[in-house]
1. Looking only at segment 65-85, which residues are acidic (D, E) and either part of a loop (DSSP other than H, G, I, E, B) or farther than 21 Å from H28 by Cα (or both)?
2. For segment 34-54, give me each residue that is of a type in the set (D, E) and either under 15 Å from A97 (Cβ atoms) or touching a residue at least 40 places away in the same chain (Cβ under 8 Å) (or both).
3. Please identify the pairs in which a residue from segment 55-73 that is crowded, with 17+ Cβ neighbours inside 10 Å has its Cβ atom under 9 Å from the Cβ atom of a residue that is aliphatic (A, V, I, L, M) and not in a strand (DSSP E or B), counting only partners at least 6 apart or on another chain.
4. In this structure, is F88 in a strand (DSSP E or B), of a type outside the set (K, R) and more than 21 Å from H28 (Cβ to Cβ)?
5. Can I87 be described as surrounded by 14 or more Cβ atoms within 10 Å (Cβ to Cβ), free of Cβ contacts under 8 Å to residues at least 40 places away in the same chain and within 15 Å of R21 (Cβ to Cβ)?
6. Need the failing condition index for K56 against (1) among the charged types (D, E, K, R); (2) over 12 Å from the mean Cα position of the chain (by Cα); (3) within 20 Å of R21 (Cα to Cα), just the number.
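Values in this text are rule-based calculations from the coordinates and carry no lab data. Please read all numbers here as calculations on a predicted model, not as lab measurements. In this analysis, Cβ positions are derived from the backbone assuming ideal geometry, glycine residues included, and neighbour counts consider all displayed protein chains.
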Amino acid sequence: MPTAFSAGIKLESKFQGAENRFAIKLLHLRDEVFLIGYASNELVVKDLASGEELDKYQIDYHEPLIDFDVYRGDLSKILVGFRSENIFQVNMLTKQANPFEHNN
């Protein structure tokens with residue numbers, strides 16, 4: 001039975017890459033460009049209108065990511081969280097991931 005929430009959702013487009021990957025989160029960057037975080041620990045910047053992959057970074061970590069967000073408004077720096085409460089700061093320009101110090 002449709003609800004008021006689900007009634008407004010419709011499939012705009014479906015993109016499939018070279019392999020099946022499970023998207024954890026999509027973050028709108030600008031226009032049709034999104035940052036997509038996959039369970040395989042990939043962060044991909046993709047233009048959803050054209051399907052073109054603009055940038056990509058693979059985080060080398062033994063747990064799948066569970067969430068991510070832009071750090072202090074800088075689109076090149078992404079904070080990525082994992083189940084164990086570990087957080088990494090990924091620099092998309094230098095292609096580096098470093099542990100992010102935080103207080104619990």
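1. Initial filter on segment 65-85 (acidic (D, E)): 67, 69, 74, 85.
Hit for segment 65-85 is E85, nothing else.
2. The first filter runs over segment 34-54 and keeps only residues of a type in the set (D, E), leaving 42, 47, 52-53.
Selection gives E42 alone.
3. Y57/M92; L65/A39; L65/I59
4. Values: in a strand (DSSP E or B): yes; of a type outside the set (K, R): yes; more than 21 Å from H28 (Cβ to Cβ): yes.
Judged against the criteria, F88 is a match.
5. On the way: surrounded by 14 or more Cβ atoms within 10 Å (Cβ to Cβ): yes; free of Cβ contacts under 8 Å to residues at least 40 places away in the same chain: yes; within 15 Å of R21 (Cβ to Cβ): no.
No.
6. Answer for K56: the failing condition is (2).
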